[in-house]
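*Asks:* Starting off with a structure, shown below.
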Amino acid sequence: MLLVATALPLLGASAAASAALRPADKSNAAVQPPPVIPPWGIPGTWNLVLNADFTDSTLDTQLWRPGWFGTGTTQAISQFEIDCYKSSNATVVPSDMLDLSVTAKPSHCEGKRQPYTAAVVSTNPYDGRPSGGFQYRYGVAEARIYLPAYKGVVADWPLFISLGQHWPQDGENDVMEGLSGKVCFHFHSPGHISGPKNNLGGCDAAVHPGWNTLASYWKPGSVTYYYNGVKTAEFTDGITSAPMYLVLADTVPDWWSHSAIADTMKVAFVRVWQPTGAKAARAGYEYSF
């Protein structure tokens, strides 16, 4: 996601996988409940510091907030969206997953009428909530996500990203975003916002709509992306070090609005892993709820 429209508030704080779980799957079948397996394809010895598997009957609002710096109907993250977010478009369904839905219903926010209504949840502890949330510095962020399709490519603008409190100084890690039908990854920071020479990122043509496991390993001085257990890209320039919080969204871009359909991005789990041992602690790995 190239531009965050909201001015963020100041910060106060491998193992082999089950074949049934890991590969991309174009079915809409439930993923029941996923076993906790170390991050797919990423070597190391790990502590699981966040395990959100959406097995409760409702969204855990101590961790996730549905809406962008508010609840009900809220503004979009980016100025390049043609929607507002509605809390009721983010639901936990009986099949043990999170549904983030785009609906072809007009919405109104920031004094403007938009043609679509979309969904977002985030873990920002400093978005005005009285307590809760989650943020982390360094580690593997991994999610199992169903990407909806439009004529065989990814529909709309689905997102799995993490953000620092001050954009872009504190960074933006786009673990996955659907851009014009492709599945892409980017790391934004000062000097690496946009343009072919400045953009840290790309797209993976091997990833298609359906179920995929998408991850990034962010560590001091580098970020590496893994899609379905395969290393996709690594960057070692412009990598920030401030803590980040997690964001999941299904939204509609203004540059590719012909792809906008009533659809649902589904999330089976979100996990954050950090390496074990004193060396990791000395390197600055940390997390907080």
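The values are calculated or read from the model by the stated rules, or taken from the named source; none is laboratory data. Quick caveat: nothing in here was measured; it's all calculated off a predicted structure. With ideal geometry, Cβ positions are generated from the backbone for all residues, glycine too; neighbour counts draw on all protein chains shown. Heads up: the accessible areas ignore ligands, DNA and RNA and are worked out on the full protein's heavy atoms, side chains in. Shrake-Rupley method; radii C 1.70, N 1.55, O 1.52, S 1.80 Å.
*Asks:* Could you give me the residue pairs with C-beta distances under 7 Å whose first residue belongs to the range 118-130 and is closer than 13 Å to GLN62 by Cα, whose second residue is of a type in the set (Lys, Arg) and at pLDDT 95 or above wherever it lies, and which are 6+ apart or on separate chains?
*Replies:* VAL121/ARG65; SER122/ARG65; ASP127/ARG65; ARG129/ARG65
*Asks:* Give all pairs with beta carbons closer than 7 Å in which a residue from the range 158-181 that is over 16 Å from ARG144 (Cβ atoms) and of a type in the set (A, V, I, L, M) meets a residue that is in a strand (DSSP E or B) and open to solvent by 10 Å² or more (accessible area, probe 1.4 Å); count only pairs at least 6 apart in sequence or on separate chains.
*Replies:* If the second residue must be in a strand (DSSP E or B) and open to solvent by 10 Å² or more (accessible area, probe 1.4 Å), the pairs left are LEU179/CYS203.
*Asks:* To continue, here is another question. Tally up the residues in the range 50-94 that are aliphatic (A, V, I, L, M), out of contact with any Asp or Glu (no Cβ under 9 Å at 6 or more places or on another chain) and over 30 Å from PRO106 (Cβ atoms), please.
*Replies:* Total satisfying the criteria: 2.
*Asks:* Given the residues SER259, SER241, which is the only one that is more than 21 Å from PRO38 (Cα to Cα) and open to solvent by less than 20 Å² (accessible area, probe 1.4 Å)? If you could, list the steps in order and put the result at the bottom.
*Replies:* Details: SER241 fails: open to solvent by less than 20 Å² (accessible area, probe 1.4 Å).
Answer to the check: SER259.
*Asks:* Still on this structure: Quick check: is even one residue across the range 138-146 out of contact with any His (no Cβ under 6 Å at 6 or more places or on another chain), open to solvent by 10 Å² or more (accessible area, probe 1.4 Å) and over 17 Å from THR232 (Cα atoms)?
*Replies:* yes
*Asks:* Of all residues in the range 93-132, count the ones that are touching a strand residue (DSSP E or B) at 6+ places or on another chain (Cβ under 7 Å), more than 29 Å from ASN228 (Cβ to Cβ), outside any strand (DSSP E or B) and open to solvent by less than 50 Å² (accessible area, probe 1.4 Å).
*Replies:* 3
*Asks:* I would also like to ask the following. How many residues are part of a strand (DSSP E or B), open to solvent by 10 Å² or more (accessible area, probe 1.4 Å) and not hydroxyl-bearing (Ser, Thr, Tyr) if we restrict to the range 148-179? Even if it seems obvious, please write down each step before you answer.
*Replies:* Step one: of the range 148-179, the residues part of a strand (DSSP E or B) are 149-150, 153-154, 157-163, 172-179.
Narrowing the set further to residues that are open to solvent by 10 Å² or more (accessible area, probe 1.4 Å) leaves 149-150, 153, 179.
So of that shortlist, the ones also not hydroxyl-bearing (Ser, Thr, Tyr) come out as 149, 153, 179.
Residues that pass the stated criteria total 3.
*Asks:* Moving on. Taking strands (runs of 3 or more DSSP E) that do not extend beyond the range 212-289, which have at least 1 residues that are modelled with pLDDT under 95 and within 20 Å of the chain's Cα centre (by Cα)? Walk me through it before giving the result.
*Replies:* Working: elements: 222-227, 230-235, 245-251, 263-275, 286-288.
Because the criterion is at least 1 residues that are modelled with pLDDT under 95 and within 20 Å of the chain's Cα centre (by Cα), the strands (runs of 3 or more DSSP E) in the range 212-289 that meet it are 263-275.
*Asks:* Still on this structure, I have one more. Write out, first by first residue and then by second, each pair whose Cβ atoms fall under 6 Å of each other, whose residues are 6+ apart or on separate chains, and whose first residue, in the range 46-58, is farther than 15 Å from SER122 by Cα while the second is at pLDDT below 95 and crowded, with 18+ Cβ neighbours inside 10 Å.
*Replies:* Qualifying pairs under 6 Å: TRP46/PRO38; THR55/ASP96.
The rows are residues; the columns are (1) within 19 Å of the chain's Cα centre (by Cα); (2) in a strand (DSSP E or B); (3) exposed (fewer than 14 other Cβ atoms within 10 Å of the Cβ).
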position: PRO39; (1), (2), (3): yes, no, no
position: ILE42; (1), (2), (3): yes, no, no
position: VAL49; (1), (2), (3): yes, yes, no
position: SER57; (1), (2), (3): no, no, yes
position: GLN62; (1), (2), (3): yes, no, yes
position: TRP68; (1), (2), (3): yes, no, no
position: ALA76; (1), (2), (3): yes, no, no
position: GLN79; (1), (2), (3): yes, no, yes
position: THR91; (1), (2), (3): yes, yes, no
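Table: residues versus (1) closer than 12 Å to ALA249 by Cα; (2) in contact with a Phe, Trp or Tyr (Cβ under 6 Å, 6 or more places away or on another chain); (3) among the hydroxyl-bearing types (Ser, Thr, Tyr); (4) modelled with pLDDT of 95 or more.
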{"site": "CYS84", "(1), (2), (3), (4)": "yes, no, no, yes"}
{"site": "SER88", "(1), (2), (3), (4)": "no, no, yes, yes"}
{"site": "LEU100", "(1), (2), (3), (4)": "yes, no, no, yes"}
{"site": "ARG113", "(1), (2), (3), (4)": "no, no, no, yes"}
{"site": "GLY139", "(1), (2), (3), (4)": "no, yes, no, yes"}
{"site": "GLU142", "(1), (2), (3), (4)": "no, no, no, yes"}
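*Asks:* Being modelled with pLDDT under 95, under 22 Å from VAL140 (Cα atoms), touching a strand residue (DSSP E or B) at 6+ places or on another chain (Cβ under 6 Å) and open to solvent by 30 Å² or more (accessible area, probe 1.4 Å) narrows it down to one of ALA24, ALA19, so name that one.
*Replies:* On the way: ALA19 fails: touching a strand residue (DSSP E or B) at 6+ places or on another chain (Cβ under 6 Å).
Exactly one of ALA24, ALA19 is modelled with pLDDT under 95, under 22 Å from VAL140 (Cα atoms), touching a strand residue (DSSP E or B) at 6+ places or on another chain (Cβ under 6 Å) and open to solvent by 30 Å² or more (accessible area, probe 1.4 Å), namely ALA24.
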